[in-house]
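In what follows, a single structure is set out as structure tokens and then discussed.
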Amino acid sequence: MRPIGFSDHDHAACVRSTMQVAEAQCAERGLRLTPVRRRALEILLSEHRALGAYDLLARLSAEGLGAQPPVAYRALDFLVKAGLAHKIEALNAYVGCVHPGEDHAPAFLICRSCRSVAEADTTPNKSRLGDAARAAGFRIERSVVEAEGLCPACQEPGA
């Protein structure tokens, strides 16, 4: 799976198709994608950049969807638990999942300059981490891989 976020692509189609999958997934699982949750996901997907809860709250508030912090935190909690968004631990911020409904172990490539985030798929059980875990008799249940650097747009020419 090629990372989405740093490469040129039809962003409107990306958001549209991801929202369609998210809506279908919620309907299939009996989850309520309320107007606030839906709009929060659209905002997270609108740019491949990590947004903090208060950044999201400002956008929701400007659209008349709530001005109190619990509005954003509840929406984010739902989206993360439903597998529709990911928390970027290093930034204490969130991104929309570009592969909702797929069984994947995402790794996040985080630009330290513009905060854009690309989501790449990793498989811990087939990596050095998986080898180390097996050697220790450890079963990986969850892993978070976050790499920080510079995206192609923020790198100096010829660097």
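The values are calculated or read from the model by the stated rules, or taken from the named source; none is laboratory data. Keep in mind it's a predicted model, so treat the numbers as computed, not measured. Counting neighbours? That spans all protein chains shown, and the Cβs are built from the backbone with ideal geometry, glycine included. In case anyone asks, the SASA skips ligands and DNA or RNA and just uses the protein heavy atoms, side chains included. Shrake-Rupley method; radii C 1.70, N 1.55, O 1.52, S 1.80 Å.
Listing for the model above:
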{"item": "Where R115, R32, R16 fall by accessible area, highest first, once all protein chains stay in place (1.4 Å)", "result": "R32, R16, R115"}
{"item": "Solvent-accessible area, 1.4 Å probe, carbon plus sulfur percent, for region 69-159", "result": "50"}
{"item": "Value of [θ]222 nm, deg cm²/dmol, for the chain, DSSP H segments ≥ 4, -39500 (n - 2.57) each, nearest 500", "result": "-12000 deg cm²/dmol"}
{"item": "Derived scalar couplings ³J(HN,Hα) [region 107-121; Karplus, 6.51 cos²θ - 1.76 cosθ + 1.60; whole Hz; x for Gly, Pro]", "result": "10, 10, 9, 10, 7, 6, 8, 9, 6, 5, 10, 10, 9, 10, 8"}
{"item": "Angle in degrees between helix 69-81 and the longest Cα principal axis of the chain, rounded to the nearest 10", "result": "50"}
{"item": "Which of S113, S143, S17 is most accessible, then next, and so on - probe 1.4 Å", "result": "S113, S17, S143"}
{"item": "Probe 1.4 Å, accessible area per residue of region 5-159, Å²", "result": "57"}
{"item": "Charge tally in the Cβ shell below 13 Å around C114, where Lys, Arg are +1 and Asp, Glu are -1, C114 excluded", "result": "+1"}
{"item": "Size of electric dipole in the chain: Cβ of Lys, Arg +1 and of Asp, Glu -1, about Cα centre, debye, nearest 20", "result": "440"}
{"item": "Anisotropy class of the chain from Cα gyration tensor, a/c 1.5 cut", "result": "oblate"}
{"item": "Charge dipole (the chain, unit charges on Cβ, about Cα centre) - positive-most of H48, G64, C154", "result": "G64"}
{"item": "Other-chain or far-sequence residues with amide H under 5 Å of A50's (modelled H)", "result": "V117"}
